[in-house]
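Every number here is computed from the coordinates shown, using simple stated rules; none is lab data. Worth saying up front: this structure is predicted, and the values here are computed from it rather than measured. With ideal geometry, Cβ positions are generated from the backbone for all residues, glycine too; neighbour counts draw on all protein chains shown.
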Amino acid sequence: MALFNLHKNTFKHGIHPPESKDETNGLPIRQFPFAPVIILPMAQHIGAPSQIVVREGQEVQRGQLLAKANGYVSVPMHAPVSGKVRKIANVPTISGKMSTGIYIEAFPFSTQEVLEGNPIDPDTATPEEILQGIQDAGIVGLGGAAFPTHVKLKVPEGKTCETLIINGVECEPYLTTDHRVMLEQEDDIFTGIKYLLKATGAKKAIIGIEANKQDAADHLVQNIPKGLPVSVQVLPVKYPQGAEKMLITSILGKEIPSGKLPIEAGAVVVNVATTAEIGRLLPHGRGIQERVITITGPGVKKKGNYLIPVGTPLRYVLEQVGVDEDISEVYMGGPMMGMAVSNLDISIVKGTSGILVFTKKDVNRSTTIYPCIKCGACVDACPILLNPSKLGILAKFEAYNEMASDFNLMDCFECGSCTYVCPSHIPLVQYFRQAKRIVRKREADKKEKAHA
Amino acid sequence: MLKKTLDISSSPHIYKGRSTNEIMKNVVWALLPVVFFSVYSFGLNALLVIATATFASVLTEHVLCRLSKKETTIGDYSAVITGLLLGLTLPPSFPLWMAFIGGIIGIALGKYIFGGLGYNVFNPALVARAVLQAAFPVAITTWHPAFLTDRFSSIASSVFTLPFMEPKFDVISGATPLSAFKFDGVTTSTAELAFGQVSGSAGETCAVIIILGGIYLIARNMMNWRIPAAVLLSAFVLSGILYSINSELYPSPWFMLFSGGLMLGAVFMATDMVSSPITPIGLWIYGGIIGILTIVIRVWGGLSEGVMYSILLANAISPHIDSIIKNRVYGTKRKIKTA
C-alpha cells in the first residue's frame, strides 16, 4: 500500500463542518472585568486536585499561590484576583461533580498588580528547572484537555524528542482564541518555544496552522527571531486536525501506534496558547491567572475574544456580554467536543477555550433516529479509520467487550465526526463514550480481582 | 436575570443536517427519469406495472407496521424505492396481479422479516423478482416490444390477467438483445442499447438515463461510486478477455455492458447501502463478484441474464466481506481477521 500512502500534508478522512469563525476572528483580545466574587475549583486539570494553602478570611494578592500541586500529575493554583478568601467550600464543576473550591471576594479598588516570583532564564536554566517552572506556574493544556504541561513535556528515558510541534490548528468551529493569540502574542509564543525546545531537547519546532488562519501564519513567519529553529506549516482546513495524533500525521507523515504517545514519533505537541502562556509567565516566575476565551454563538450579543480571569463565574460572564432571552444550550469549548453546561454557577477554568451560546432554533439536533443504513458516511469520516457503523450496532447490543477487542473502540478519541455526518442521526460518539467508560471499568475491576 | 434552566446534550452539538429519508428521496428522484423513459418506450403497460409494484410495496410496508403496532415507516421512502426498482425489472406486459404479489414479497420477505430498513440481507426488490422468476417463469421472460405505435392507447391483454389465471400473451413479442444473442446469435448495436431502442424489462433499456441518475447520486455523495465502477469494470474486463479470445463466440464487452439489466443493477441495485459492504476494499470485491458472475451466467449459464442472481449472491457474501476486510485502523498494522 506504500504507493497510496504518499504524504499529503494532512491526515486521512475527517470532516468539513461550517467554520463559523468570521464573527470573532477579526476582534482583538480584550480584558474582561473582574467579577465581584471569583470561584476557583481545585479540580480543573487532569490529575490530583490542588491542595489549598490559604485559609478563610486571608487576604491574597493577585498571582499569590493559593494551592500547591498535589503530586507529580497535578499543578498549583494562583489567585486570579487580589481580594479576600471568603470561604472554602464545595463548588460545582461542568461535569456535575463537586470539587473543593475557593471563593475570593475581589478588592474593588485594588490595582490588581501581579505578584512576581522566581524568574527562569531560558538561556541558563536546565531542562529540569524549566519543567519545574512550568509546573509551578500552574500551566495545563489550554486547548481544552487541561493536562498538566510539564508531564507531557517530560521525555521518557530512552526516547528522544526530535520535533516540537506547536498546535495552532484550532479546528473546532467558532473558536478563534488561538488565532488571536498568534496574531497578538508572537513574542510570548517565541519565548515559550525557546523554553520548550530546551525542556524537550528538540532540535526544531514546527507551528502547524490551518489555511483559514493564513494571516496568523504570515504574521508569525515575519516575526521569527533570528537563530530560533522554528518553521510554520500551513495545513488544509479539516476537522479534527487539532487532535494530537492527526496533527503529527499531517506534519510529519507518521502515525502514532495505537495506545502510544506522540514521543513514539519523536514529537511533543503543545498548544499555541499554552506556549504563549509559558513564554509570558516563566520570565517572571508568575502563575497563570487568566486566559483568552472566545465568547460567541448566535445567542451572544457582544461576541469577542476576551482575556478572562480563571474562576470567573459563567453567569457573570454571560451577564456582561449579554445573551438572548431564549438561550437554550451553553457549551464550554467548541461545538464538536465541547461540553454542555447544566448550571450557570460553574466557573471559567484553565481548560475553557470557548463559550458558545445557542438559542432554541440553533440546535438542529434531530429527534428521529433512523436505523443504520450502512451508508458508510461515518467510515469515511473517522480519522482513526474505525468502523463506527459496526461499533454503533454492537453498542446497541451492549457488546462492549467485542467493540474493544475486535473493533479498536479504545482508539476512538471522541472527536464526534461520525455523529456529525450520520444521516440516520444515530448518537454514535455518545455510545462510544459510554462504551469506553464501561470497558475501562471492567478492566479495572478485573485487575482488582486479580490482585485480591 | 438569566434563565435558570438550560438544555444539555452530549457533544457534538452541530450536525451536517443530512437525513436518511433525504437520501432515499434523492434515489427516488434519480429513478424518476428511468420511469419516464420506461413509460415513453413501453407505454401504458409499463406505467401500470411500475405503479402496481410501487403501490403494493408501500401498502405492504404500511400494513406490516400497523400489524406490529409500530409507527408507519413509509415516510422514509425506502418502500417506494423497492417498489419502483421491482417494477423497473419486470417485463412491461407483466400481469398486474403478479407484480402486486412481487411488491408484497419484496417488503415482507425481503425486508420486514429481517427487521425492516437497515437490516435486510438482500436487496428487497431483487428478492421479489427472484421469487417471481421462480413462480412465473413464462410471464417474466415474455418480452414486449418497445415503441409500438399504439402504446399510449392500448394495453396488452396479459396485463389484466385475473389472479391465478394463466396469462395470454399477445402474439408479437420482442426478444431482448441478450436472449437474441444467446439463442439466435444476433447482436444489437451499442448505440441502440445505450439509448434504449430495444426490448427488455421496463426500466433496463436506456443505459444513458440510468448512468445520469447514478452520476447525480454520486455527485450528491449519496451513492458509493466504487460499486458501479467495480461491477462495470470487472464485467467489461472479463467479457473483453473472452471477446479477444474468440470474437465469434463471445459478444463485445460494450454489448455486455449496455445490454440487459447490468447497468440498472450496477447503478441502482448493487448500490443498496444496506446490503453492500462498508469498506472501500470490500466494495471493490463486492462489485467485482457481481460483474464477473454476471458475465459467467450470461456466457455459460442457462439463463440469458445473470445480474439479479449475481447481486443476490454478492448480498449474501457482503456481511462476510465486512468481517474479513476491515479498514486498517490508525496506528495499527493491517489485520485480516477471519471471524
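Counting only Cβ charges, +1 for Lys and Arg and -1 for Asp and Glu, the dipole size of chain A around its Cα centre is about 980 debye. Among all helices in chain B defined by DSSP H, which have a length of 27 Å or more along the axis from Cα atoms plus a Kyte-Doolittle mean of at least -0.5? Taking the DSSP H segments of chain B (at least 27 Å long, mean hydropathy at least -0.5), we get B:20-42, B:44-67, B:226-245, B:280-300. The stretch between A:Val73 and A:Thr160, if pulled fully straight at 0.36 nm per residue, gains 29.2 nm over its current Cα-Cα span. The mean count of C-beta atoms from other chains within 10 Å of the C-beta of residues in B:320-332, rounded to a whole number, is 6.
If only the Cβ of Lys and Arg carry +1 and only the Cβ of Asp and Glu carry -1, the dipole of segment B:19-173 around its Cα centre is close to 220 debye. Farthest towards the positive end of the charge dipole of chain B, among the residues B:Thr73, B:Thr187, B:Phe164, is the Cα of B:Thr73, using unit charges on the Cβ of Lys, Arg, Asp and Glu. Please report, to two decimal places, log10 I(q)/I(0) for segment A:255-302 at q = 0.15 Å⁻¹ as given by the Debye formula with identical point scatterers on the Cα atoms and no solvent. The computed values of log10 I(q)/I(0) come out as -0.70. Modelled label positions at B:Tyr40 and B:Thr72, each set 7 Å beyond Cα in the direction of Cβ, lie 3.3 nm from each other.
Over chain B, DSSP H runs of length four or greater, each weighted -39,500 (n - 2.57), average out per residue to a 222 nm ellipticity of -17000 deg cm²/dmol.
Set Lys and Arg Cβ to +1 and Asp and Glu Cβ to -1, take the dipole of segment B:19-173 about its Cα centre, and tell me which of B:Leu59, B:Pro95, B:His144 lies farthest positive. Going by the Cα projections, it comes out as B:Leu59.
Segment A:1-89: D in µm²/s via Stokes-Einstein (Kirkwood Rh, Cα pairs, 10 °C, 1.306 mPa s)? For these conditions, the coefficient is 91 µm²/s.
Farthest toward the positive end of the dipole of segment B:180-339, out of B:Asn327, B:Gly265, B:Ile295, is the Cα of B:Asn327, where the dipole comes from beta carbon charges about the Cα centre.
Rounded to 0.05, the FRET efficiency of the A:Glu56 and B:Arg328 pair, given R0 = 60 Å and the Cβ-Cβ distance, is 0.55.
What value does chain A have for Rg/Rh, both radii from Cα atoms and Rh as Kirkwood defines it? My calculation puts Rg/Rh at 0.96. Listed by Cβ neighbour count within 10 Å, with the fewest neighbours leading, A:Tyr306, A:Tyr174 appear as A:Tyr306, A:Tyr174. The helix-based estimate of mean residue ellipticity at 222 nm for chain A, built from -39,500 (n - 2.57) per DSSP H run of four or more residues and divided by its residue count, is -8000 deg cm²/dmol to the nearest 500.
All Cα-Cα distances of the protein assembly as shown, cut into 10 Å bins from zero to the largest, leave 3, 12, 19, 19, 15, 12, 9, 6, 3, 1, 0 percent in each bin in turn. Computed on the Cα trace of chain B, the radius of gyration divided by the Kirkwood hydrodynamic radius gives Rg/Rh = 1.02. Between B:Thr190, B:Thr82, B:Thr176, the GNM of chain B built on Cα springs shorter than 10 angstrom shows B:Thr190 fluctuating the most.
Identify the residues of segment A:403-440 with backbone N under 18 Å of a label point that sits 7 angstrom from the Cα of A:Lys97 along the Cα-to-Cβ direction, or state none. A:433-440, by backbone N distance to the label point.
Inter-chain neighbour count for A:250-260: the average number of beta-carbon atoms from partner chains within 10 Å of each residue's beta-carbon is 2. Each label point was placed 7 Å from the Cα along the Cα-to-Cβ direction; for B:His320 and A:Leu261 their separation is 4.6 nm. Principal semi-axes of the equivalent ellipsoid, √(5λ) from the alpha carbon gyration tensor of segment A:210-265, are 25, 16, 7 Å from largest down.
Cβ crowding within 10 Å, taken as a proxy for footprinting-reagent exposure, orders A:Asp362, B:Asp150, A:Asp123 from fewest neighbours to most as A:Asp123, B:Asp150, A:Asp362. From least to most packed, judged by other beta carbons within 10 angstrom and beginning with the fewest, A:Glu255, A:Glu157 follow the order A:Glu157, A:Glu255.
Taking only the C-alpha atoms of segment B:178-323, Rg followed by Dmax gives 14.6, 44 Å. In this structure, the pairs whose alpha-carbon distance is over 23 Å, taken from A:Lys374/A:Lys441; A:Lys154/A:Lys198; A:Lys12/A:Lys204, are A:Lys374/A:Lys441; A:Lys12/A:Lys204. Rg to Rh ratio, segment B:19-173, alpha-carbon atoms and Kirkwood radius? Computed over Cα atoms, the ratio is 0.99. Partner shielding of A:420-426 amounts to 6, given as the average count of beta-carbon atoms from other chains within 10 Å of each residue beta-carbon. Rounded to the nearest 20, the Cβ-based charge dipole of segment A:377-451 about its Cα centre (Lys and Arg +1, Asp and Glu -1) stands at 300 debye. Placing pseudo-labels 7 Å out from each Cα toward the beta carbon at B:Val296 and A:Asn364 gives an inter-label distance of 4.7 nm. Tell me the relative contact order for chain A as a rounded percent, counting alpha carbon contacts under 8 Å between residues six or more apart. The normalised contact order for chain A reaches 19 percent.
Working from the Cα coordinates of segment A:362-452, the gyration tensor eigenvalues give, after taking √(5λ), semi-axes of 27, 13, 12 Å in decreasing order.
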